[in-house]
Every structure is written in C-alpha cells, then in structure tokens.
1. Taking the stated definitions as given, is residue 61 over 16 Å from residue 19 (Cβ atoms), at pLDDT 85 or above, open to solvent by 40 Å² or more (accessible area, probe 1.4 Å) and acidic (Asp, Glu)?
2. Could you check how many residues of region 23-44 are of a type outside the set (Asp, Glu), open to solvent by 60 Å² or more (accessible area, probe 1.4 Å) and within 17 Å of residue 12 (Cβ to Cβ)?
3. Being under 16 Å from the mean Cα position of the chain (by Cα) and modelled with pLDDT of 90 or more narrows it down to one residue among 34, 7, 72, 55; which is it?
4. Can you tell me which residues in region 1-22 are open to solvent by 10 Å² or more (accessible area, probe 1.4 Å) and of a type in the set (Gly, Ala, Ser)?
5. Suppose we keep only residues that are assigned to a helix (DSSP H, G or I) and modelled with pLDDT under 85 within region 152-179. Which one would you say is farthest from residue 86 (Cα to Cα)?
6. Which residue is most open to solvent (accessible area, probe 1.4 Å), if the candidates are limited to region 164-174 and must be of a type outside the set (A, V, I, L, M) and closer than 13 Å to residue 148 by Cα?
7. Return only the number of the condition from (1) open to solvent by 70 Å² or more (accessible area, probe 1.4 Å); (2) in contact with a Leu (Cβ under 8 Å, 6 or more places away or on another chain); (3) within 14 Å of residue 123 (Cα to Cα) that residue 83 does not satisfy.
8. Collect the residues in region 93-104 that are open to solvent by 10 Å² or more (accessible area, probe 1.4 Å) and more than 15 Å from residue 8 (Cβ to Cβ), keeping them in residue-number order.
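The values are calculated or read from the model by the stated rules, or taken from the named source; none is laboratory data. Note that the structure is predicted; figures quoted are calculated from it, not measured. With ideal geometry, Cβ positions are generated from the backbone for all residues, glycine too; neighbour counts draw on all protein chains shown. We work out accessible area using only protein heavy atoms, side chains counted, and drop any ligands, DNA or RNA first. Shrake-Rupley method; radii C 1.70, N 1.55, O 1.52, S 1.80 Å.
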Amino acid sequence: MIKVVVLARFANDPIFGVLARLLSALQVAEIAALFDDVQRWNQFVGSEFAGISILDGRLPELSTQNGLAQFLRTHGSGAIRFIYLSDSSIHLAPGCHSCVKCDSSAIELASTIVLVSSGYFVFQDGIQVLGSEGNIEYGLSAREEEILRQIARGQTNRQIAEQLGITVGTVKNHTSKIFQRLGLKSRTSAAIWARDRYMSSRY
C-alpha cells in the first residue's frame, strides 16, 4: 500500500482525517504521518522513504516557486512523488507530480493520490499526463493539449475553432499560451515539439 506523508500548514485540519478514511476504503494508500514543520517532515522521510508526500503551498517555505524549488532540491528524492497544494498563485509546480488547489475536497485529493500512484501527473487546470518525468514541466491544460494536437496535424486556427466549437480568438489565445509555456515561436516548432515529446503516442 502506498504511504502518504503530509506537510501542511495545519496538520490537524479535519480534511486529512476524511482523506485517511477515504484512502483506507479505497485500499490503495494510507496516511503514514502528518507534519506542520519541515524539519520534522524531513526527519521522518529521511533518504529511504518511498511514497507520496503532500506539500501545502500555504507554508511560508513552500509559498513561492523559488521556495518550492529550493525545498525540492534539498529534500526531494527520486522515490518520492510530490503533490503540491497551491494557493492559486502557482498553477504549475515543476518537480512535483501534481499541483491542485489548497481548497480541494478530500475526494479530489484521494483521486489525485490514486492517479499519481498510478504514474499520472495531475494539475489543477485539468491536465492528466501519463509519461516521463520531464512532462511535469509543461503543464498544458486539457484544452491546450487538444489544440496542440490539432496544430501538429496541420490544422489552421479557423479549422481548430470549428472542430472544437470555439472562436478563432479563443484558439489564438490558447496558442499564445502554448507557445509561451513551451518556449516556442511558431506552429511548425509546436508541431515538431508535440511529435517528439510525450504527446507523440497520441497521433
């Protein structure tokens, strides 16, 4: 059974009790420990722990991208999969297997744990990606992924808009975000990127 360790601003939050009962009922994971202090979390996890750790973005040490990155460099290991609870200022947490909202329900957290334990990467805007470690850095939403798939097939903005039932302007906005997130400058480079990376198996 997958072990889950929680590092939260309020370790006694009732949601974690509900989460523990849900995980027990699902029989896929269990809450091994809850901490509100990084040092105590680190002592428990050590270098041998293999499982999932929930990180609360409301903790001062984890509230910024730089703080989270520093934490992962210092405490992360290949055996731990991290679920980051975002306060909504961070939508993507590079180095984590998941980024979901702090106010997610116990059911949503349990579902995320099940998906992460199965090898998925889950983000608060709906993306669920099964693939290599590098995929967690991209953070495309489900809609952006679909548009990228159409771009890779050579579809124009108008064709994509018609197929998805959205406006051309909306397609352009999504395309701009895709290029920004992936560091791309053209539709050609986007198509090549999509075919060469984790989406290649979907074409």
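1. It is true that residue 61 is over 16 Å from residue 19 (Cβ atoms), at pLDDT 85 or above, open to solvent by 40 Å² or more (accessible area, probe 1.4 Å) and acidic (Asp, Glu).
2. Selection size over region 23-44: 3.
3. Going through 34, 7, 72, 55 in turn, just one is under 16 Å from the mean Cα position of the chain (by Cα) and modelled with pLDDT of 90 or more: 55.
4. Within region 1-22, 11, 17, 20 qualify.
5. Ranking the qualifying residues of region 152-179, first place goes to 163.
6. The extreme case among them is 172.
7. Checking residue 83 against (1) open to solvent by 70 Å² or more (accessible area, probe 1.4 Å); (2) in contact with a Leu (Cβ under 8 Å, 6 or more places away or on another chain); (3) within 14 Å of residue 123 (Cα to Cα), the one that fails is (1).
8. Matches in region 93-104: 94, 95, 97.
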